[in-house]
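Inspection log for the structure reproduced underneath, given as structure tokens.
Please treat every number below as a calculation from the coordinates, not as lab data. Since the structure is predicted, the reported quantities are computational estimates derived from the model, not experimental observations. As a convention, Cβ positions derive from the backbone with ideal geometry for all residues, glycine included, and neighbour counts pool all protein chains shown.
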Amino acid sequence: MGIKAEEISALIKKQIENYQSEIEVSDVGTVISVGDGIARVHGLDNVMAGELVEFSNGAMGMAQNLESNNVGIVILGPFAEIREGSDVKRTGRIMEVPVGEELIGRVVNSLGQPVDGLGPINTTKTRPIESPATGVMDRKSVDQPLQTGIKAIDALVPIGRGQRELIIGDRQTGKTSVAIDTILNQADQDMICIYVAIGQKESTVRATVETLRKNGALDYTIVVTASASQPAPLLFLAPYAGVAMGEEFMFNGKHVLIVYDDLSKQASAYRELSLLLRRPPGREAFPGDVFYLHSRLLERAAKLNDTLGGGSITALPFVETQAGDISAYIPTNVISITDGQIFLQSDLFFSGVRPAINAGLSVSRVGGSAQIKAMKKVAGTLRLDLASFRELEAFAQFGSDLDKATKAKLDRGARTVEVLKQDLNKPLKVEKQVMILYALTRGHLDDVAVADIRRFEAEYLNWLEHNHSELLDEIRTTGNLPKEDAINAAIAEFKKTFVATA
Ligand SMILES: Nc1ncnc2c1ncn2[C@@H]1O[C@H](COP(=O)(O)OP(=O)(O)OP(=O)(O)O)[C@@H](O)[C@H]1O
Ligand SMILES: [Mg+2]
């Protein structure tokens, strides 16, 4: 192969031309003032909103407020060495994060940099963290279930792929546990999970990662963390970074589950950042665009149509309430953007009903189309039954004489509550959920003592696996309920072997 002199000189000429244009792009400005993670910079006249800039100490910043004679920049890193008068360079890039398969199994920060000490992430692909949500025509209605493995959710408030379901509750009501169990249940569901931890303690995140690792869930999970010790801008960016990573998979036809734990902390971080940038405060001192903060994030969850590959992003945003007040500012905002909410209540939690889902206040607006046929048959009216049981229960406390029908309702309700209890990190496959809910709703548990229900369930499901696995297989493969006679016969057979306590 000969080398052509004219080709080489053409290349060199081109390089020189590009070199000059690169210099033109990197305008340099000077810091006028700096404090609390915010810098005001003069001289960056051409900077774009959201553009990345570089400070002289290597820290990155993001241009936020473009004003007539200066630019407000949030600093994404250490800012102690940045001084008045130091240089700030434009990069010409909008904020982006690395994306791709290589991130799976890793723990990264809001900028996509690894923080798990497992070495660099070798990916060349990036995506901008802010990008417009999928349009109307590119979407499809939700029609595939996302099995959480939690009986109370899959039966009462089913979630579909591409849906946004809010998980809301006071502190320490088992919110994070719901997300972790859902992730654990995705092991064989062909789902990539992204857990975004916002403003949590490093030790809590560490424990969560360990739980995922121990249960083998890290093989299909990315953890994005911006812990409480990080500057506010990183907390604000973490969810966008997470969803950008998810979009890469969705547009390649894959299914993604993303958990934002939690958006109240993101809103607080955004409030801090906005106040420091001197944006006008509104209700509860949040800036005027706090609704847009969450709507543009949650709108990026979608189920794509078949021409685009049929991928999906299902979002589980969390919001923490104060004393169960779901009508506060941020909770009502997020409730109005999502397709339903799961309300976790602290008095249920403390009375031992765990997961502490309040059936009356929880809904899923996509729900039904996201349940398999067998589940729809056994759990159709369960949510309303449970809600009316809670009302009756309150009345029955007055000790008035109860008629037979009411008594039967109360008995069934007490058993329903027992069946819907579930231990931590024990997600249950949908076919097993159907079998125990069938027994409950068809009255086969009415003669089992309430105290025995949970043991009955465990032994029954175990027994089915060994003696009637064909019933479980049928539900798993076809999604339909097997012949009711066959199930009834199996239950009767099992009951002969079940020993009641007392
Ligand atoms: N189904 C369950 N069965 C038994 N214990 C549970 C269950 N769910 C949660 N817990 C326990 O309750 C405690 C609080 O759970 P979790 O951390 O999930 O709540 P949270 O609402 O996320 O709390 P925070 O507000 O601190 O984030 C944990 O110690 C957890 O082990
Ligand atoms: Mg939590």
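Quick rundown of the values:
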{"read-out": "Helix runs (DSSP H) in the chain reaching 15 Å along axis by Cα, Kyte-Doolittle at least 0.0", "value": "232-250, 382-396, 430-441"}
{"read-out": "Efficiency of FRET from Cβ geometry, A80 and Q15, R₀ 41 Å, rounded to 0.05", "value": "0.60"}
{"read-out": "Which of V259, V74 has the fewest Cβ neighbours within 10 Å, and the rest in rising order", "value": "V74, V259"}
{"read-out": "Pairs of Cα atoms farther than 20 Å apart, segment 350-467, %", "value": "47"}
{"read-out": "Cα convex hull of segment 201-315, projected area averaged across orientations, nm²", "value": "8.1"}
{"read-out": "M48 versus A449: modelled label distance in nm, points set 7 Å from Cα along the beta carbon direction", "value": "7.0"}
{"read-out": "Packing-based order for 27-40, 194-207, using average beta carbon neighbours within 10 Å, highest first", "value": "194-207, 27-40"}
{"read-out": "Fraction of beta bridges assigned by DSSP in the chain that are antiparallel (%, nearest 5)", "value": "55"}
{"read-out": "Nearby lysines by direct alpha-carbon distance to K429 (threshold 17 angstrom, same-chain neighbours under 8 apart not counted)", "value": "K151, K373, K376, K377, K421"}
{"read-out": "Stokes-Einstein D for the chain, Kirkwood Rh over Cα pairs, 4 °C, 1.567 mPa s (µm²/s)", "value": "51"}
{"read-out": "Directionally averaged projected area (convex hull, Cα atoms, segment 443-492), nm²", "value": "3.7"}
{"read-out": "Net length gained if the chain between A405 and K89 were fully extended (0.36 nm per residue, minus Cα distance)", "value": "106.2 nm"}
{"read-out": "Built amide H within the under 5 Å cut-off of I342, gap 5+", "value": "L166, I167, I168"}
{"read-out": "Full-extension gain in nm, L277 to D138, via 0.36 nm per residue minus C-alpha separation", "value": "46.4 nm"}
{"read-out": "Additional length obtainable on full extension of the chain from N480 to F498, 0.36 nm per residue less Cα span", "value": "3.8 nm"}
{"read-out": "Prolate/oblate/rounded label for segment 52-143 (Cα gyration tensor, a/c 1.5)", "value": "oblate"}
